[in-house]
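The values are calculated or read from the model by the stated rules, or taken from the named source; none is laboratory data. Everything numeric here is computed off the predicted structure, so don't read it as measured data. Cβ placement follows ideal geometry from the backbone for every residue including glycine, while neighbour counts extend to all protein chains displayed. Heads up: the accessible areas ignore ligands, DNA and RNA and are worked out on the full protein's heavy atoms, side chains in. Shrake-Rupley method; radii C 1.70, N 1.55, O 1.52, S 1.80 Å.
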Amino acid sequence: MIRYLIPDDYMADPAVHVFNGKLYIYPSHDRESGIPENDNGDHFDMRDYHVFSMDDVEGAVTDHGVILDVDDIPWAGRQLWDCDVAFKNGRYYLYFPLKDRTDIFRIGVAIADRPEGPFTPQPAPIKGSYSIDPAILDDGDGNHYMYFGGLWGGQLQRYRNNRAIECGAEPAENEPALSARVVRLSDNMLEFAEEPRDVIILDENGVPLLAGDRSRRFFEASWMHKYNGKYYFSYSTGDTHLLCHAIGDSPYGPFTYKGVILTPVTGWTTHHAIVEFKDKWYLFHHDSVPSGGITWLRSLKVTELHYNPDGTIQTVTN
Ligand code: FUB
């Protein structure tokens with residue numbers, strides 16, 4: 001039987017971590033804003049975040065309430081999209097994408113003493129940040145890396161070499177695909193410690209995926225986890241609606257494409273988190289079944305994930 005984790009509200013884009021022995025889920029909080037659907041994603045007009053915790057995957061889900069509201073963010077324009085949270089030295093850092101008052105997505109940080117928040121936002125977005133969907137890897141050696149980016153409404157096509165370009169457009173089909181970005185965070189977790197780099201995904205011949213390879217190339221929804229010492233970059237292919245994974249030997253990649261994690265769900269977007277909890281691996285994700293297929297009203301689910309003997313992830317089929 002399929003279990004929706006939060007049946008009384010619409011939540012999407014789960015970021016999930018184990019803090020203090022519990023699972024903490026940081027989703028986007030979908031709502032009906034009445035804004036018409038378009039390719040810019042204006043209809044995803046979210047205004048706050050909640051956090052949820054679970055002692056067990058089969059157990060109760062506790063809603064800890066609102067942890068950050070758009071009205072409390074000094075530089076806010078609109079649209080709080082997919083966030084993530086990291087822990088360092090007794091503090092929790094919430095990274096969130098939000099359009100500023102010129103309608104450009106930036107990534108902000110908010111800080112709390114507890115995973116349940118509330119989180120207090122910094123006065124300005126991270127210098128040099130752009131686009132959407134921040135996901136944080138704690139590499140276990142004191143370093144934290146942010147993966148980010150998203151095409152179309154996520155504005156990634158407007159940037160090359162970390163600079164805005166005059167006319168944002170996707171590359172031609174036979175050119176290398178646009179990449180997610182990875183950047184090491186500063187010691188205080190509030191800045192980029194370096195220029196963001198491209199997250200290169202190679203095909204089975206070691207060649208970077210092309211922009212026309214739409215069932216494999218990166219679109220949005222970065223997630224990073226480690227398994228048996230390898231780095232697993234997973235992501236959505238956007239307009240082909242797949243969750244895929246690619247494996248590498250360093251947080252910076254390159255990563256070699258290894259296949260589909262989740263076949264298309266009901267609704268346009270697909271987005272996920274992968275987490276180990278009590279010696280099992282789980283895929284948290286969303287679909288739009290409970291809302292009757294309304295793309296911007298999504299609901300959270302979880303399913304167990306399995307690895308093949310060669311370390312690749314088995315496909316979950318809807
Ligand atoms: O929730 C808004 C956007 O939809 C996210 O940022 C994308 O990853 C997609 O799930």
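Counting only residues that are open to solvent by less than 20 Å² (accessible area, probe 1.4 Å) and touching a residue at least 40 places away in the same chain (Cβ under 8 Å), how many does region 157-176 have?
Keep residues of region 157-176 that are open to solvent by less than 20 Å² (accessible area, probe 1.4 Å), which gives 159.
Subset that is touching a residue at least 40 places away in the same chain (Cβ under 8 Å): none.
Residues in region 157-176 being open to solvent by less than 20 Å² (accessible area, probe 1.4 Å) and touching a residue at least 40 places away in the same chain (Cβ under 8 Å): 0 in total.
Can you tell me which residue within region 163-193, out of those that are among the β-branched types (Val, Ile, Thr) and in a strand (DSSP E or B), is nearest to Ala112 (Cα to Cα)? Walk me through how you get there before you give the answer.
Going through region 163-193, the residues among the β-branched types (Val, Ile, Thr) turn out to be 165, 182-183.
Okay, now just the ones that are also in a strand (DSSP E or B), so 182-183.
Values: Val182: 24, Val183: 22 Å.
Here the residue is Val183.
Does at least one position in region 207-215 carry a residue that is within 23 Å of Lys258 (Cα to Cα), part of a strand (DSSP E or B) and over 19 Å from the mean Cα position of the chain (by Cα)?
Looking through region 207-215, at least one residue is within 23 Å of Lys258 (Cα to Cα), part of a strand (DSSP E or B) and over 19 Å from the mean Cα position of the chain (by Cα).
Taking region 104-126 only, how many residues are more than 20 Å from the chain's Cα centre (by Cα) and either assigned to a loop (DSSP other than H, G, I, E, B) or surrounded by 21 or more Cβ atoms within 10 Å (Cβ to Cβ) (or both)?
Summing the residues that are more than 20 Å from the chain's Cα centre (by Cα) and either assigned to a loop (DSSP other than H, G, I, E, B) or surrounded by 21 or more Cβ atoms within 10 Å (Cβ to Cβ) (or both) in region 104-126 gives 6.
Quickly run through region 254-288 and pick out the residues that are crowded, with 23+ Cβ neighbours inside 10 Å and either over 17 Å from the mean Cα position of the chain (by Cα) or charged (D, E, K, R) (or both).
Matches in region 254-288: Phe255 only.
Can you find, within region 298-313, the residue that is farthest from His43 (Cα to Cα) among those that are open to solvent by less than 30 Å² (accessible area, probe 1.4 Å) and away from the ligand (no atom under 16 Å from the Cβ)? It would help to see each step written out before you state the result.
Of region 298-313, the ones open to solvent by less than 30 Å² (accessible area, probe 1.4 Å) are 298-301, 305, 311-313.
Of the ones still in play, those that are also away from the ligand (no atom under 16 Å from the Cβ) are 305, 311-313.
Numbers: Leu305: 31, Gly311: 38, Thr312: 35, Ile313: 33 Å.
It comes out as Gly311.
Can you tell me which residue in region 277-290 is farthest from His225 (Cα to Cα), limited to those that are assigned to a strand (DSSP E or B) and within 13 Å of the ligand (Cβ to nearest atom)? Spell out the reasoning first.
As a first pass, look at region 277-290 and keep what is assigned to a strand (DSSP E or B): 277, 280-287.
Checking the rest, the ones that are also within 13 Å of the ligand (Cβ to nearest atom) come to 284-287.
Working: Phe284: 13, His285: 15, His286: 19, Asp287: 22 Å.
The qualifying residue farthest from His225 (Cα to Cα) is Asp287.
Considering only residues that are in a strand (DSSP E or B) and within 20 Å of Leu190 (Cβ to Cβ), which ones fall in region 127-162? Even if it seems obvious, please write down each step before you answer.
The initial filter retains those residues of region 127-162 that are in a strand (DSSP E or B), namely 135-138, 144-148, 159-160.
Across region 127-162, the qualifying residues are Ala135, Ile136, Leu137, Asp138, His144, Tyr145, Met146, Tyr147, Phe148.
Return the residues of region 198-211 that are within 14 Å of Thr237 (Cα to Cα) and open to solvent by 30 Å² or more (accessible area, probe 1.4 Å); say none if nothing qualifies.
Filtering region 198-211 down to residues within 14 Å of Thr237 (Cα to Cα) leaves 201, 209-211.
The answer is Leu210, and nothing else.
Every residue in region 80-98 that is open to solvent by 10 Å² or more (accessible area, probe 1.4 Å) and not in a strand (DSSP E or B), please.
Trp81, Asn89, Gly90, listed by residue number.
Could we say that Asp63 is closer than 20 Å to His285 by Cα, open to solvent by 50 Å² or more (accessible area, probe 1.4 Å) and among the charged types (D, E, K, R) here? Walk me through it before giving the result.
On the way: closer than 20 Å to His285 by Cα: yes; open to solvent by 50 Å² or more (accessible area, probe 1.4 Å): yes; among the charged types (D, E, K, R): yes.
Answer is yes for this residue.
Of all residues in region 1-22, which are away from the ligand (no atom under 12 Å from the Cβ), part of a loop (DSSP other than H, G, I, E, B) and either open to solvent by less than 70 Å² (accessible area, probe 1.4 Å) or not aliphatic (A, V, I, L, M) (or both)? Working first, answer last.
To start, the set of residues in region 1-22 that are away from the ligand (no atom under 12 Å from the Cβ) comprises 1-9, 16-22.
Keeping just the survivors that are part of a loop (DSSP other than H, G, I, E, B) gives 1-3, 5-9, 20-21.
Once the filter is applied, which keeps residues that are away from the ligand (no atom under 12 Å from the Cβ), part of a loop (DSSP other than H, G, I, E, B) and either open to solvent by less than 70 Å² (accessible area, probe 1.4 Å) or not aliphatic (A, V, I, L, M) (or both), region 1-22 yields Arg3, Leu5, Ile6, Pro7, Asp8, Asp9, Asn20, Gly21.
Test of understanding: among Ile73, Ile25, which residue is more than 16 Å from the ligand (Cβ to nearest atom), closer than 26 Å to Gly154 by Cβ and open to solvent by less than 10 Å² (accessible area, probe 1.4 Å)? Step through it out loud before you land on a result.
Details: Ile25 fails: more than 16 Å from the ligand (Cβ to nearest atom).
Step by step, each of Ile73, Ile25 is checked, and only Ile73 is more than 16 Å from the ligand (Cβ to nearest atom), closer than 26 Å to Gly154 by Cβ and open to solvent by less than 10 Å² (accessible area, probe 1.4 Å).
Pull up region 28-51, narrow it to residues that are part of a strand (DSSP E or B) and touching a Phe, Trp or Tyr at 6+ places or on another chain (Cβ under 7 Å), then point me to the one that is surrounded by the most Cβ atoms within 10 Å (Cβ to Cβ). Steps first, answer last, please.
Filtering region 28-51 down to residues part of a strand (DSSP E or B) leaves 28-29, 48-51.
Then drop every residue that is not touching a Phe, Trp or Tyr at 6+ places or on another chain (Cβ under 7 Å), which leaves 28-29, 49, 51.
Values: Ser28: 30, His29: 17, Tyr49: 25, Val51: 27.
Looking at residues that are part of a strand (DSSP E or B) and touching a Phe, Trp or Tyr at 6+ places or on another chain (Cβ under 7 Å), I get Ser28.
Test each condition in (1) under 24 Å from Ser53 (Cβ atoms); (2) in a loop (DSSP other than H, G, I, E, B) for Gly293 and report the one that comes out false.
Checking Gly293 against (1) under 24 Å from Ser53 (Cβ atoms); (2) in a loop (DSSP other than H, G, I, E, B), the one that fails is (1).
Please count how many residues of region 228-242 are touching a Ser or Thr at 6+ places or on another chain (Cβ under 9 Å) and open to solvent by less than 40 Å² (accessible area, probe 1.4 Å). Don't jump to the end; show me each part of the working.
Kept after step one, since they are touching a Ser or Thr at 6+ places or on another chain (Cβ under 9 Å), are these residues of region 228-242: 231, 233-238, 240-242.
From what's left, open to solvent by less than 40 Å² (accessible area, probe 1.4 Å): 231, 233-238, 240, 242.
Matching residues across region 228-242 total 9.
Could you check region 177-189 and list, in sequence order, the residues that are open to solvent by less than 40 Å² (accessible area, probe 1.4 Å) and over 22 Å from Ser236 (Cα atoms)?
First, the residues of region 177-189 that are open to solvent by less than 40 Å² (accessible area, probe 1.4 Å): 177-183, 185-186, 189.
If the condition is that a residue be open to solvent by less than 40 Å² (accessible area, probe 1.4 Å) and over 22 Å from Ser236 (Cα atoms), then Leu185, Ser186, Met189 are the ones that fit.
Could you list, in sequence order, all residues of region 251-276 that are within 20 Å of Cys83 (Cβ to Cβ) and part of a strand (DSSP E or B)?
His272, Ala273, Ile274, Val275
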